[in-house]
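What follows draws every value from the coordinates through simple rules; no lab data is involved. Keep in mind that this is a model prediction, so the values were computed, not measured. Positions of Cβ are generated from backbone atoms using ideal geometry, with glycine treated the same way; all protein chains shown enter the neighbour counts.
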Amino acid sequence: MKMRYLALLILSFSILAFSCRRGEVRENAPEGLIPVKTAPVAQAKTGIPVRAAGILATSDEVKLSFKTGGIISAIHVEEGRRVQKGQVLASLDLTEINANAGIAREGLEKAERDYERAESLYRDSVGTLERKQNAFTALSAARLNYEIALYNRSRSVITAPENGIILRRLVGPGEMVAPGYPVFLFGVTGKLWKVKAGLSERDIVKISRGDSVSVSFDAWPGIRFPGEIDITGEIANPLTGTFGVEILLEGTAYRLASGFIATIEIFPSGGSTYSLIPVESLVESDGNTGFVFYLNGSGETMKAKVEIIALAGASAAVSGLPAGVREVISTGAPYIREGMKVKVVK
């Protein structure tokens, strides 16, 4: 009985001693510090990007039409077809046009006979000089009328001015068209592409000719097409109230088609000074805002909300960083919270 009581007493003292030792170890163990790295804050002058949507088009688009009016006899191509320079695209019914040319030819022949008669009479001193001069004037006018008739007949067909593509056909066979009325919208191939877009009055004043542009299309996800501003509108569209801009794209091996919807991002050449920080230092980013951590004078982490102005590679231009902040926490930023002590790893 005494031996059993002694064993229980020894076991109780052992448990008590072990518990005291565990409490002493837990109490004296240093708190674990999260290792982080910091990055310097640079200052950069950049413009706030202007974003808009546009439509892709060939850099040279023309409206093809007939010189004279009449009934369309035939349309030889359809929309979307590629054509060669000089290829016949459409023609008019020449019945009336040939008749006008015939009238002009008959008038020219009569004027030639009248002039020959007047000149002969003048040589024989029967006719006057004035009669001869009047006959010569009539002959010159008849020649010009005949040339006009021949020219109009030659312009009663539409041919491709360059190698290109039929972007749109506006009329069909048998329709009556007036002189100069567009029949085809023709895009010249082998040249640069351009994007047409409309900007608000607040955005148009920020950009100028030559500003760089990044363009993307749904047809080529993830691909950025570089370009630059070529034309800026100086008058608003009366229907939309926007100002038109045209963006020239650089040469590309990707297949594009007129009418693609483009998402554009314009980088104005003039701008304001912003803080430049690593992208990895941004946490809890939501649209154009995010948060960064930095260290105060006591070595504790502080959290600041910033506005994301632009992203450029591994850097981000931001505003709203507190004055005097020269470094931000980059590596390890997602694992800390405000007011913590951290270990800065150089």
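Some points to look at:
- Summing Lys and Arg as +1 and Asp and Glu as -1 over all other residues whose Cβ lies under 14 Å from the Cβ of residue 83 gives a net charge of +2.
- Amide N of the range 53-89 lying under 14 Å from the label point, which is placed 7 angstrom from the Cα of residue 252 along Cα→Cβ: 54-59
- For the range 207-279, trypsin sites (Lys or Arg not before Pro) are listed when DSSP marks them as loop and at most 13 other Cβ atoms sit within 10 Å of their Cβ; the list is 209, 255.
- Rounded Å value of the spacing that divides the Cα centres of the range 35-103 and the range 302-346: 49 Å
- The long axis of helix 129-154 is offset from the longest Cα principal axis of the chain by roughly 40 degrees.
- Loop GluC sites (Glu not before Pro), the range 113-200, which have at most 13 other Cβ atoms in a 10 Å radius of their Cβ (DSSP): 175
- Counting Lys and Arg as +1 and Asp and Glu as -1 over every other residue whose Cβ lies under 9 Å from the Cβ of residue 169, the net charge comes to -1.
- Rounded tilt (10° steps) of 2-28 against the dominant C-alpha axis of the chain: 40 degrees
- Amide hydrogen proximity for residue 48: with H placed 1.01 Å from N in the peptide plane, the residues at 5 or more positions away or on another chain lying under 5 Å are 272.
- In the chain, helical runs assigned H by DSSP with n ≥ 4 each contribute -39500 (n - 2.57); averaged across all residues and rounded to the nearest 500, the mean residue ellipticity at 222 nm is -8500 deg cm²/dmol.
- Each of residue 319 and residue 171 was given a label point 7 Å from its Cα along the Cα-to-Cβ line. The distance between the two points is 5.5 nm.
- Interchain or long-range residues, amide H under 5 Å from residue 159's placed H: 89
- For 307, 106, the sequence from fewest to most other C-beta atoms within 10 Å is 106, 307.
- For residue 344, the residues 5 or more places off, or on other chains, whose built amide H falls under 5 Å of its own are 36.
- Taking N as its residue count, the alpha carbon Rg of the chain over 2.2 N^0.38 Å: 2.04
- Under 12 Å, Cβ to Cβ, from residue 308 - net charge with Lys/Arg +1 and Asp/Glu -1: -2
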